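For reference, the structure is listed below as structure tokens.
The values are calculated or read from the model by the stated rules, or taken from the named source; none is laboratory data. Every value quoted in this text rests on a predicted model; they were computed, and no experiment measured them. Please note: Cβ atoms are built from the backbone with ideal geometry, for glycine as well, and neighbour counts cover all protein chains shown. The area values use the complete protein model at the heavy-atom level, side chains included, leaving out ligands, DNA and RNA. Shrake-Rupley method; radii C 1.70, N 1.55, O 1.52, S 1.80 Å.
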Amino acid sequence: MHLVVSKQVLLKELNFIQGVVERKNTIPILSNLMLEAEDGRLSIKGTDLDVSISTVCDAEVRTRGANCVQAKKLFEIVRALPDAEIELKTGEQDQVSIVCERSRFRMPGLARENFPEIPQFKGEFVVLPADLLRSFIARTIFAITSEESRYALNGAKFELDQGNLRMVATDGHRLSFVEKKAALINGHKDLKVDVIIPRKTLSELAKLCADTDESVEFGRDENHLFFKVGRRLLVSRLLSGQFPNYEMVLPKENRNQVLVESGRVSGAIKRVALMADERSHAIRFDIGSGQISITSQAADVGEAGETLSVDYAGDAIVAGFNAQYLNDFFSVIQDGQVVFEFKDGNSQAQLRPQGEGEYDFRYIIMPMRL
């Protein structure tokens, strides 16, 4: 393998692929990238066996070939090099030399035969808007559980039915639901998909979507999901297990509604939460005629309170919530108005942003015992 490639072009792809590479893995090859030079381009692949990324950049290929090299060290070297052409060359015993202007490096490499095979998709891709996927991920990823033992909840449920797209995530204490009708770009309304996408895959897919104005091509086979944008391909194993029946959780009798301005209520929650218990993050909502009072107290810290004027004439409600769960929602919905919907202080509350006509976004949060 012998090629010349632009530093900025190579650095962009190496930076993109770093998130998928395992740094603490008992299988040494998984901390490596596979580099393959062929026909005017450099192909780069990384995997942790669950999530894989393949990408391509233009290069002047002098000798075709392939080699594996340590991902983190290669990235650090390329990032530190001057903004110029980089020459990559494979030598004896799979060693890789890197030359850029007056800088020279030599790294040990591994033969390409050691690198795991990345699955290929043989079917027809479905096309989804990149900004839609990015928005869906932002509205659900924070609600995925951090408990690895709850395997089926370590990802978001992804449903495609009659051209409508839906994504749901929960950790058992809160649930985030978002749906868009007629989400597909190229038809395929007969396609049905019902899978669980792992958190790491969603995180990498969000990066993929953030770096493009193009659409995303989506496909699946029996065991894997495929997301393609231009020359980049993200491949993920499916999460197995039974996702909870989320439709049973969606409230149907929350008739008490409070309309508030997002910035006002989120600011009040953040300030009051400063005095909440550090383990429970519990804050109290007292909702009455014309106002919401938000308070917190902790024996070793003190107490805080803030009152907001609202247009409300329903039943008086007292409810406790985890402030961090509310902050997660308002980190996504930073502007506009939000509807709080309650049945009473002991049932799940639902938050919905106003004016998101294209999305049906609902956030359900269980109350805390005060």
Diffusion coefficient in µm²/s returned for segment 115-271 by Stokes-Einstein, Kirkwood Rh over C-alpha pairs, 20 °C and 1.002 mPa s, is 126 µm²/s
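Would you mind getting the accessible area per residue of the chain, heavy atoms of the protein chains only, 1.4 Å probe, in Å²? Spell out each step's value before the answer.
Details: 18050 Å² over 370 residues.
Accessible surface, normalised per residue, equals 49 Å².
In Å, what Kirkwood hydrodynamic radius results for segment 1-142 from the alpha-carbon pair distances? Can you show the working numbers first?
Working: mean 1/r = 0.0618 Å⁻¹.
Every distinct Cα pair counted, the radius reaches 16.2 Å.
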If one compares the long axis through the Cα atoms of helix 199-210 with the longest principal axis of the Cα atoms of the chain, the angle in degrees, nearest 10, works out at 80 degrees
Checked against a 19 Å limit on the C-alpha separation, the offending pairs among Lys12/Lys228; Lys122/Lys157; Lys189/Lys252; Lys157/Lys192 are Lys122/Lys157; Lys189/Lys252
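Got a number for carbon plus sulfur as a percent of segment 39-159's accessible area, 1.4 Å probe? Please report the intermediate quantities before stating the final value.
Numbers: 2700 of 6210 Å².
Its accessible area is 43 percent carbon and sulfur atoms.
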Each label sits 7 Å from Cα toward the beta-carbon; between Glu148 and Asp83 the label points are separated, in nm, by 4.1 nm
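Short version: what are the Cα gyration tensor semi-axes of segment 221-370, square root of 5 times each eigenvalue, largest first, in whole Å?
Semi-axes, largest first: 33, 19, 17 Å.
Starting from the Cα coordinates of segment 141-215, work out the convex hull volume and express it per residue in Å³. Mind dumping the intermediate values first?
Values: hull volume 6.7 nm³, N = 75.
Enclosed volume per residue, from the Cα hull, is 90 Å³.
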Asp131 and Ala316 label points (each 7 Å along its Cα→Cβ direction) are spaced in nm at 4.7 nm
Using eta = 1.002 mPa s and T = 20 °C, Stokes-Einstein with Kirkwood Rh from Cα pairs puts D for segment 1-50, in µm² s⁻¹, at 179 µm²/s
With +1 at each Lys and Arg Cβ and -1 at each Asp and Glu Cβ, the charge dipole magnitude of the chain around its Cα centre, to the nearest 20 debye, comes out at 540 debye
Per residue, the convex hull enclosing the Cα atoms of the chain spans a volume in Å³ of 171 Å³
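Roughly what % of Cα-Cα distances in segment 236-302 sit above 20 Å, to the whole percent? Write down the numbers at each step before the final one.
On the way: 1214 of 2211 pairs.
Result for the distance tail: 55 percent.
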So the carbon and sulfur contribution to the accessible area of segment 212-310, 1.4 Å probe, in percent, is 43 percent
Across 5 Å bins beginning at 0, the whole-percent shares of Cα-Cα pair distances in segment 27-75 come to 5, 21, 28, 24, 14, 6, 1
